[in-house]
Every structure is written in C-alpha cells, then in structure tokens.
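The values are calculated or read from the model by the stated rules, or taken from the named source; none is laboratory data. Please read all numbers here as calculations on a predicted model, not as lab measurements. Neighbour counts are summed over all protein chains in view; Cβ atoms, including those assigned to glycine, are modelled from backbone coordinates with ideal geometry.
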Amino acid sequence: MEAPSQAVQEILAPAHEAPTAYHLFTGPAAYTPLTPWSAWAGVAAAIAVFLGAVLAVGAGMLAALQFRLGSEDVIVQIMVTLIQQTAMIALTLYVATRYGGKAYDVLALHAPAQGLKSYVAALLLLLGAAVLMTAVIRIFNIPVDKNDIKMFEGMFKSEWWWLAVILVGIGAPLSEELLCRGFLFSALAKSRIGIWGASIFTSLIFAVVHPYSIVAVVQVFVIGMLFAWMLVRTGSLRVPIVCHSIFNTLQALALLYASNNP
C-alpha cells in the first residue's frame with residue numbers, strides 16, 4: 001500500500017501534536033492565548049480579583065484587632081500577606097474557569113515546549129539581567145533607597161522568618177504570576193495590542209503594585225518583561241513561576257542573612 005502523502009499525514013495527526021519544533025531564542029513563539037475573556041473584561045476581572053484580596057486582608061486585620069494585635073506586629077504582617085496571596089490565587093483560579101474556560105489553558109500551565117532546558121536558560125538569563133542591573137547601579141552611583149527592604153527586616157528577624165521566606169519565595173510568585181502573566185496576559189495578548197502590548201502593560205502593573213522606590217520599580221518592570229518573554233517563548237507559565245520563585249528565594253535568604261548579621 002502506498003504511504004499517505006505529507007498533507008494527509010498532517011491532517012490525520014492528533015490535534016495536540018505541535019507541527020513546529022519550538023526553540024527558546026529562535027523561530028516562532030510557543031505561546032498561544034487560550035482564554036474566553038476579552039481584554040476589557042479581563043482587566044475588569046483582574047481588578048475585581050485584586051479588590052477581593054484587599055477585602056480579605058481587611059477581614060484579616062479586623063480579626064487581628066479582636067485579639068488586640070496591632071498592624072506593626074510581625075505575626076499580623078505575615079498573616080495579612082498570607083491571606084492576600086491565598087485570596088489572589090483562589091480568585092484567579094476561579095475567574096479562569098468562567099465562560100467555559102479551563103484554568104490549565106487560560107493560565108498557560110502546560111509544560112514548556114522546550115522541556116527542562118527552558119528552565120535553566122531562563123533562570124540564567126534572569127540572574128544575568130539582575131547582575132547587569134546591579135552593575136549599572138554601582139557604576140553610575142545610582143542611589144538605592146534602603147526603605148525598599150525595611151518592610152521585610154522585621155519578618156526576617158522574628159521567629160517566623162521561615163514562614164516569611166515561604167511567602168516571599170512561593171506565595172508571591174504564585175499569586176502574582178497567575179493573575180498578572182497568567183490570566184490578565186492572555187486576555188490582553190489576543191486583543192489588538194498583541195503580545196508586545198500585553199507584555200508592557202502587565203509589566204507596568206507588576207512594577208506599580210510593588211511599593212518600592214523609582215529605581216527599584218524600574219528594575220521590577222525589566223524583570224517583568226523578562227518573565228513575559230519566558231512565557232511567550234516557552235508557552236508555559238511554569239517557567240516564569242519557577243524563575244520568579246528561585247529569584248525571590250535567593251533574595252529572601254540574602255535579606256535573612258543581612259538582617260541577622262548586621
């Protein structure tokens with residue numbers, strides 16, 4: 001029997017098999033936005049998720065007052081952060097399933113197209129960018145506001161330091177990436193602004209929500225653009241989540257050491 005032609009083979013091939021070999025730095029991007037949300041509806045839903053997390057934090061603060069705990073208490077700060085992150089994750093997963101969407105698809109939680117090597121390459125790129133930004137700050141003697149890390153010092157000096165490391169290294173990456181580059185990015189990417197517009201917009205949001213100095217906010221924006229690049233090139237939110245987690249954990253451990261060894 002004569003072998004089927006190439007065209008017939010492509011038609012008969014399973015729909016989930018990608019016809020293209022994706023590469024991290026060359027060729028087509030592996031990311032495709034799979035969401036039922038429009039851009040404006042997605043923005044509104046993301047705002048609703050954020051406000052929902054704020055309301056959850058407010059409820060946590062009221063509970064703390066019932067136990068006569070002040071907002072300056074370390075345990076309250078940790079508790080509030082935990083509540084905020086948990087609420088953001090839960091609400092993001094919820095909205096990702098609305099209108100017939102599947103959270104796994106909407107949030108791009110599939111394995112990266114390039115496999116394990118994409119994690120290594122993306123992490124090395126992130127660490128290289130961090131080193132480069134640090135070098136630029138030192139070479140040009142750009143002033144760094146020490147208040148950027150002051151808010152964490154109390155946590156890392158307390159007996160709850162281990163929980164603070166978990167919140168910074170796992171809770172923050174999960175909650176921020178799922179909402180920002182998972183849910184919101186997909187809604188914006190399929191709109192008229194496209195991938196580039198979605199990358200810039202979500203990176204701006206990512207930077208603005210961090211209450212740091214201008215220099216630090218610029219750094220967060222650059223890192224946000226790198227996370228967006230990782231998502232687009234690998235097609236998987238897992239890569240920026242893992243890189244974000246490792247990067248935050250390294251920073252947390254460095255701050256932990258500095259806080260306890262002045």
Hey, can you tell me all the residues within the stretch 91-138 that are in a helix (DSSP H, G or I), touching a residue at least 40 places away in the same chain (Cβ under 8 Å) and under 26 Å from Leu55 (Cα atoms)?
Leu91, Thr92, Leu93, Val95, Ala96, Arg98, Tyr99, Val106
Cβ-Cβ distance below 7 Å, separation of 6 or more or different chains: which pairs start in the stretch 37-61 with a residue that is touching a residue at least 24 places away in the same chain (Cβ under 8 Å) and within 30 Å of Val74 (Cα to Cα) and end on one that is of a type in the set (Phe, Trp, Tyr) and assigned to a helix (DSSP H, G or I)?
Ala46/Phe183
I want to confirm something. Restricting to the stretch 201-219 and keeping residues that are aromatic (Phe, Trp, Tyr) and at pLDDT 90 or above, which single residue is farthest from Lys150 (Cα to Cα)?
Phe201
Search result, residues across the stretch 139-154 that are assigned to a loop (DSSP other than H, G, I, E, B) and either surrounded by 11 or more Cβ atoms within 10 Å (Cβ to Cβ) or among the aromatic types (Phe, Trp, Tyr) (or both)
Phe140, Ile142, Val144, Asp145
So which pairs qualify, if the first residue must be in the stretch 237-262 and at pLDDT below 95, the second must be charged (D, E, K, R), the Cβ gap must be under 8 Å, and the two must be at least 6 apart or on different chains?
Leu255/Glu153; Ser259/Glu153; Ser259/Lys157; Asn260/Lys157
For the list (1) under 22 Å from Ser118 (Cα atoms); (2) hydrophobic (A, V, I, L, M, F, W, C); (3) buried (at least 19 other Cβ atoms within 10 Å of the Cβ), I need the number of the one condition that Val220 fails.
(3)
Which residues, counting only those in the stretch 155-190, are outside any helix (DSSP H, G or I) and either closer than 25 Å to Phe50 by Cβ or in contact (Cβ under 8 Å) with a residue 12 or more places away in the chain (or both)?
Ser158, Trp160, Lys190
With (1) at pLDDT 95 or above; (2) in contact with a helix residue (DSSP H, G or I) (Cβ under 8 Å, 6 or more places away or on another chain) as the list, and Gly60 as the residue in question, which single condition is left unmet?
(1)
Tally up the residues in the stretch 207-238 that are of a type in the set (Phe, Trp, Tyr) and either touching a Cys at 6+ places or on another chain (Cβ under 7 Å) or within 15 Å of Leu178 (Cα to Cα) (or both), please.
1
Restricting attention to the stretch 104-120, which residues are surrounded by fewer than 18 Cβ atoms within 10 Å (Cβ to Cβ) and hydrophobic (A, V, I, L, M, F, W, C)?
Leu109, Ala111, Leu116, Val120
Residue count, the stretch 9-34 (criterion: modelled with pLDDT under 85, of a type in the set (A, V, I, L, M) and within 24 Å of Phe183 (Cβ to Cβ)):
1
